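Peer 1: The structure follows.
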Amino acid sequence: MMKDVGFIGWRGMVGSVLIERMIKKKDFQNINAIFFTTSQYGKSILFPNLKNKYIKLQNAYNLEKLFELDIIITCQGSDYTNKIYYKLRKIGWSGYWLDAASNLRTSKNSVIVLDPVNLKLIEQKLNMGIKTFIGGNCTVSLMLMALGGLFDNNLIEWIFVSTYQAASGAGAKFMQELINQMKYIYQNISHLINDSFNILEIEKEISNKMNSSNFPKDNFKVPLINNVIPWIDKKMDNGQTKEEWKGQFETNKILNLDQIIPVDGTCVRVATLRSHSQSFTVKLKKNLSINNIENIINSHNKWVKIILNDFNDTINFLTPSFINGKLDLPVGRIKKLNIDKNCFSMFSVGDQLLWGAAEPLRRMLKLLI
Ligand code: HSE
């Protein structure tokens with residue numbers, strides 16, 4: 001019998017990417033999909049790509065309705081999860097809960113899913129009766145997909161990463177704000193752009209405009225355009241941000257390691273719309289050649305792609321603008337470091353909305369059905 005699968009938060013950004021991927025992969029043919037809403041229940045809407053018919057939206061807060069489901073998949077966010085998950089479990093709901101939000105990742109009874117990396121753990125936990133499966137943090141999932149071969153072979157001593165995270169990681173309204181910031185600057189300085197413009201004058205004017213009280217920055221609090229923001233999420237006691245803290249916690253939870261692999265870094269928001277980049281310093285347990293490192297990385301999964309360490313390949317294929325909307329995970333700039341023969345550095349790019357959010361959940365749903 002087909003499983004009843006409830007979708008919550010499916011019209012948000014991550015949810016939309018999930019639905020798009022599921023339509024493309026024909027996943028809806030194998031499930032009975034029921035669509036929920038937190039605000040418009042009772043309303044019927046056309047779902048053109050899916051069934052070419054009207055579907056009636058159900059109330060996402062109706063516990064009785066949710067109780068009937070075999071699987072719930074939510075991209076609605078942490079507030080919804082906090083409001084509903086515990087209540088549902090308390091009244092005895094024993095279905096599978098799949099979640100893009102971060103709050104259940106630290107729970108003992110959850111697994112962070114990234115099946116190309118931890119399928120064995122997922123299967124083991126399924127056999128143990130675990131029913132709560134959570135998508136990982138975007139930078140962590142993208143890092144594990146990129147460095148999976150080295151983790152699998154137990155070659156990593158520690159990792160330091162500097163991230164270049166797109167506005168999409170913060171949400172749709174942050175992306176809108178970045179675009180509004182671009183618009184604001186252009187509208188205010190376009191009169192200065194002509195055949196012989198004075199670049200210092202324009203730069204000064206842009207800086208002035210960025211500091212003006214009308215500049216759109218309700219979400220980011222400061223300009224992101226023409227700027228970088230070296231802070232993502234809240235402050236932890238040890239000086240890390242929560243985004244930086246997740247690096248070590250989630251990596252080790254996903255890999256289910258006995259001995260912790262230290263992961264640390266600096267997480268930075270940059271003025272790109274979609275796709276996160278990361279610059280790694282990796283300390284290996286032994287001195288491996290570049291060739292060896294590349295072969296091990298390349299053999300881990302079919303999405304990781306080694307980019308030649310030269311100018312043309314790097315600027316064409318190792319950038320967010322090339323990778324947006326693609327599942328490929330290019331890694332490049334791989335080189336040994338002067339500081340230690342066991343260290344190498346690497347740059348990676350990945351679509352934050354695909355492998356960083358929707359795709360691991362889609363694949364987990366597929367495993368369940
Ligand atoms: N926390 C990430 C970011 C989102 O802010 O970019 C992906 O999990």
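The values are calculated or read from the model by the stated rules, or taken from the named source; none is laboratory data. This one's a predicted model, so the numbers in the text were calculated from it and none came from an experiment. Glycine gets a Cβ as well: all are built from the backbone with ideal geometry, and neighbour counts include every protein chain shown.
Peer 1: Check whether at least one residue in the range 145-160 is farther than 30 Å from residue 212 by Cβ, buried (at least 24 other Cβ atoms within 10 Å of the Cβ), touching a residue at least 40 places away in the same chain (Cβ under 8 Å) and within 15 Å of the ligand (Cβ to nearest atom), and report yes or no.
Peer 2: yes
Peer 1: May I ask you to list the residues in the range 258-275 that are touching a Phe, Trp or Tyr at 6+ places or on another chain (Cβ under 7 Å) and within 14 Å of the ligand (Cβ to nearest atom)?
Peer 2: 265, 268, 270
Peer 1: Still on this structure, I have one more. Taking the residues in the range 86-100 that are in contact (Cβ under 8 Å) with a residue 24 or more places away in the chain and part of a helix (DSSP H, G or I) as candidates, determine which candidate is farthest from residue 19 (Cα to Cα).
Peer 2: In this case the residue turns out to be 87.
Peer 1: Also, I was wondering about something else. Looking only at the range 189-197, decide whether some residue is away from the ligand (no atom under 16 Å from the Cβ) and crowded, with 16+ Cβ neighbours inside 10 Å.
Peer 2: yes
Peer 1: Quick one: how many residues across the range 56-66 are modelled with pLDDT under 95 and in a helix (DSSP H, G or I)?
Peer 2: Counting residues in the range 56-66 that are modelled with pLDDT under 95 and in a helix (DSSP H, G or I) gives 0.
Peer 1: Okay, moving on. Check 182, 175 and return the single one that is assigned to a helix (DSSP H, G or I), away from the ligand (no atom under 16 Å from the Cβ), over 23 Å from residue 115 (Cβ atoms) and in contact (Cβ under 8 Å) with a residue 12 or more places away in the chain.
Peer 2: So the residue among 182, 175 that is assigned to a helix (DSSP H, G or I), away from the ligand (no atom under 16 Å from the Cβ), over 23 Å from residue 115 (Cβ atoms) and in contact (Cβ under 8 Å) with a residue 12 or more places away in the chain is 182.
Peer 1: For residue 103, indicate whether it is touching a residue at least 12 places away in the same chain (Cβ under 8 Å), surrounded by fewer than 19 Cβ atoms within 10 Å (Cβ to Cβ) and in contact with a Lys or Arg (Cβ under 9 Å, 6 or more places away or on another chain).
Peer 2: When the stated conditions are applied, residue 103 does not pass them.
Peer 1: Where in the range 1-55 are there strands (runs of 3 or more DSSP E), lying fully within it, with 1 or more residues that are under 26 Å from the mean Cα position of the chain (by Cα)?
Peer 2: 3-8, 31-37
Peer 1: In the list 94, 110, which residue meets the criterion of being surrounded by 19 or more Cβ atoms within 10 Å (Cβ to Cβ) and away from the ligand (no atom under 14 Å from the Cβ)?
Peer 2: Sole residue among the options that is surrounded by 19 or more Cβ atoms within 10 Å (Cβ to Cβ) and away from the ligand (no atom under 14 Å from the Cβ): 110.
Residue by residue, here is whether (1) crowded, with 21+ Cβ neighbours inside 10 Å; (2) within 16 Å of the ligand (Cβ to nearest atom); (3) at negative phi holds:
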site	(1), (2), (3)
319	no, no, yes
327	no, no, yes
338	no, no, yes
341	no, no, yes
346	yes, no, yes
357	yes, yes, yes
366	no, no, yes
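Peer 1: Also, quick follow-up: Filter the range 199-257 down to the residues that are acidic (Asp, Glu) and either surrounded by 12 or more Cβ atoms within 10 Å (Cβ to Cβ) or modelled with pLDDT of 95 or more (or both), then identify the one that is farthest from the ligand (Cβ to nearest atom).
Peer 2: Only one residue tops the list, namely 205.
Peer 1: Still on this structure: Looking at the range 284-294 only, could you name the residues that are in contact (Cβ under 8 Å) with a residue 40 or more places away in the chain and surrounded by fewer than 17 Cβ atoms within 10 Å (Cβ to Cβ)?
Peer 2: Selection gives 285, 286, 287, 290.
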